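Taken together, the values in this text are just the output of simple stated rules run on the coordinates, not laboratory data. Computed from a predicted structure; not experimentally measured. Virtual Cβ from ideal backbone geometry, glycine too; neighbours counted across all protein chains shown.
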Amino acid sequence: MTTTIAMSQRPIRIFLVDDQSMLRAAFRSLLAQDARFEVVGDSGDARSAIERVAELRPDVVVLDISMPGLSGLDAIGPMRAAHPRVRILMLTHHEGDSFVEQALRGGADGYLSKDSDPSELMLALESVHLGKAYISPKVSAGMLAMVRSGLGVVAPRANRLDSLTPREREVFQLLALGKGNKDVARELDISLGTVKKHRENLQRKLDCHSAAELARLAIREGLVES
């Protein structure tokens, strides 16, 4: 049933970021049934989404974590830099506390599981639009209690990925996906020598000395799918 709103109230403008086109279409269809929301655009990768967000200036970005190229976690900062007033709601199948921590420390306003009921998505969108932190109870009851108590920010904890530069994180993710040095150089438009140097830095900083070790770490951190 379609929800109506007063003519003077502007719908919340939503931008969707998920690498699965069918999911984006499903979210569009769902939100189109509620007059409180307007989907102004969508993207299948985080890098192009940053440019679109700067152009369209939506109220809320619904952002997945695991995507090819730049991950959702790494896109939070650049997205906020492109449009400082935007609210960011993570919508993902990753439900562990470590992912919630990384998202909140990165600047996300909310965190929701893809297994949540559609009505909870509507609630989360309204909450983050109003400047209220929202974490689904399905994701983490402990994190929710922390946010509701007014702490809002999760205390940092040691993470090997924190030492990486943004470019190193991009190289790390591509290598973890099984791409070779030449593929990484071509995709990021950098020289082969630069890729090799980044790879050496990654091996030293992450203590990972094979593609398999990089892949296992990337899966644990939610940067690639298992």
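For Lys114 and Leu56, calculate 0.36 nm times their separation in residues minus their Cα-Cα distance, and state this gained length in nm to one decimal.
Working: separation 58, 0.36 × 58 = 20.88 nm, distance 2.48 nm.
So the extension gain works out to 18.4 nm.
If we sort 115-122, 56-63, 83-90 on the protection proxy, mean other Cβ atoms within 10 Å, highest first, what's the order?
Details: 115-122: 14.2, 56-63: 22.5, 83-90: 19.8.
Top to bottom by mean Cβ count within 10 Å: 56-63, 83-90, 115-122.
Going by average Cβ neighbours within 10 Å, how do the peptides 190-200, 211-221 rank, with the highest at the top? Write down the numbers at each step before the final one.
Values: 190-200: 15.1, 211-221: 17.3.
With the highest mean Cβ count within 10 Å placed first, the list reads 211-221, 190-200.
For Met90, the residues 5 or more places off, or on other chains, whose built amide H falls under 5 Å of its own are Leu63, Asp109, Gly110, Tyr111, Leu112.
Candidate cross-link partners of Lys182 among the lysines, defined by an alpha-carbon separation under 24 Å and a same-chain spacing of 8 or more, comprise Lys196, Lys197, Lys205.
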